[in-house]
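First the structure, in the form of structure tokens, and then the observations on it.
The values are calculated or read from the model by the stated rules, or taken from the named source; none is laboratory data. Since this is a predicted model, take the numbers as computed values, not measurements. Backbone-built Cβ (ideal geometry, glycine too); neighbour counts: all protein chains shown. The area values use the complete protein model at the heavy-atom level, side chains included, leaving out ligands, DNA and RNA. Shrake-Rupley method; radii C 1.70, N 1.55, O 1.52, S 1.80 Å.
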Amino acid sequence: MLSQPEQAILNLEHARSLRAAGLSYRDIRRQLGLSSSQLGHIRRALKREKAAGTRLRSTNRQATDRDLPVSQSVLPPGLRQILTAAGYRTLGDLADRLADPDLPGLEAMPGIGPHRARLVKGVLDHFGLLPGPSDLQAEIERIFPEFRDMPLAGG
């Protein structure tokens, strides 16, 4: 059985995908069996995330998901505050921290345990910012820096 915070994050992820599929918030509430306060939390989180992306792209057309501010992500408020106080301004900063093998994981930071680290990894995974074995182009660019500006054939 999932804890309350884990269930809330799972509901948020499901609601995000249902919203992207075009369902109204009323339909999402019915489908996921949410209370009105749970739906309000999800609505505010998704609205904050969408507004941050819109605001970022309106000021800088070349901005990517890496440039989204941590302070306006769907992470819980306390976790956003801890991360911004530690100097992580964008999701790209967090992705770089997780990709660096010389640094300990986020769990080593004060105030962040395994659950909160999973939340951060979930948000980064949603935006495709987690390094992984499927990121062939990033691995090639790491080994051969001269290929950084060349797109892969067939990709």
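Quick notes on this structure:
- Within the accessible area of region 45-95 (1.4 Å probe), percent carbon and sulfur: 51
- Gyration tensor verdict on region 54-102 (Cα atoms; rounded if a/c is under 1.5, prolate if a/b is larger than b/c, oblate otherwise): oblate
- Whether region 1-88 is rounded, prolate or oblate, judged on the alpha carbon gyration tensor where a/c under 1.5 counts as rounded: oblate
- Listed values (1) -0.35, -0.43, -0.82, -1.41; (2) -0.36, -0.43, -0.74, -1.31; (3) -0.40, -0.48, -0.78, -1.25 include one computed from this model; for log10 I(q)/I(0) by the Debye sum over Cα atoms at q = 0.09, 0.10, 0.14, 0.21 Å⁻¹ that value carries the label (1).
- Amide H to amide H, with H built 1.01 Å from N, Thr90 comes under 5 Å of Val70, counting only residues 5 or more places away or on other chains.
- Placing unit charges on the Cβ atoms only, positive for Lys and Arg and negative for Asp and Glu, gives the chain a dipole magnitude near 1160 debye about its Cα centre.
- Largest accessible area first, the listed residues Arg19, Arg97 line up as Arg19, Arg97 when surface is computed with a 1.4 Å probe on the assembled protein chains.
- Remark: relative contact order (the chain) = 14 percent; criterion is Cα-Cα distance under 8 angstrom and separation of 6 or more residues.
- Per residue accessible area of the chain, 1.4 Å probe, in Å²: 65
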